[in-house]
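One structure is given below, encoded as structure tokens.
Computed from the coordinates by the stated procedures, all read-outs in this text should not be read as laboratory data. Bear in mind that the values here come from a model prediction, so they are computed numbers and not experimental data. Heads up, the Cβs are rebuilt from the backbone with ideal geometry, glycines too, and the neighbour counts pull from every protein chain shown.
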Amino acid sequence: MGMGIHGEPGIWRDKLRPADEIADEMVRRLLADPVAHKSERVSVLVNSLGATPLEELFIVYRRVVALLKKEGLTIMRPLVGHYVTSMEMAGLSISMIHLDAEREELLAAPCACPFWRV
């Protein structure tokens, strides 16, 4: 858990666990992280590190949605896919940002690059 994109050590190593259990821990850690400007609207990125297929990312995203709804948060502009990857690296990352009007406008700004199109 917590391994870096280039293989940097994480916070723990263990046997494979169910997707919901991993998502629970990741979201719990994200919600515990202090942020300067909390809001009820967030954007979430569930990112494959390279080898994790889209179907498995959506299994995790399903759980993330349920957990954030339970906390009273609304997900805007979710991103699920291969965004920041390393050659065939197993695993995924979850990122979350609290939105204000400016951040939401920036996420919707026109863009065209290989893995991000608006």
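The table for this structure:
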{"item": "Computed lengthening from Arg41 to His6, 0.36 nm per intervening residue step minus Cα-Cα distance", "result": "9.5 nm"}
{"item": "Hydrodynamic radius (Kirkwood) for the range 1-69, which is based on Cα pairs only, to one decimal in Å", "result": "13.5"}
{"item": "Cα-based Kirkwood hydrodynamic radius, the chain, one decimal, Å", "result": "15.2"}
{"item": "Dipole magnitude of the range 19-117, debye to nearest 20 (Cβ charges: Lys/Arg +1, Asp/Glu -1, about Cα centre)", "result": "180"}
{"item": "Gaussian network model of the chain, Cα within-10 Å springs - most flexible of Ile94, Ile11, Ile75", "result": "Ile11"}
{"item": "Within the range 84-101: backbone nitrogen closer than 17 Å to the Trp116 label point (7 Å, Cα to C-beta)", "result": "84-86, 93-100"}
{"item": "Packing-based order for 76-87, 60-71, 42-53, 104-115, using average beta carbon neighbours within 10 Å, highest first", "result": "42-53, 60-71, 76-87, 104-115"}
{"item": "Among Pro18, Leu107, Thr85 the positive-end extreme of the charge dipole of the range 1-112 (Cβ point charges)", "result": "Pro18"}
{"item": "Helix-only [θ]222 nm of the chain, DSSP H runs n ≥ 4, -39500 (n - 2.57) each, per residue, nearest 500", "result": "-10000 deg cm²/dmol"}
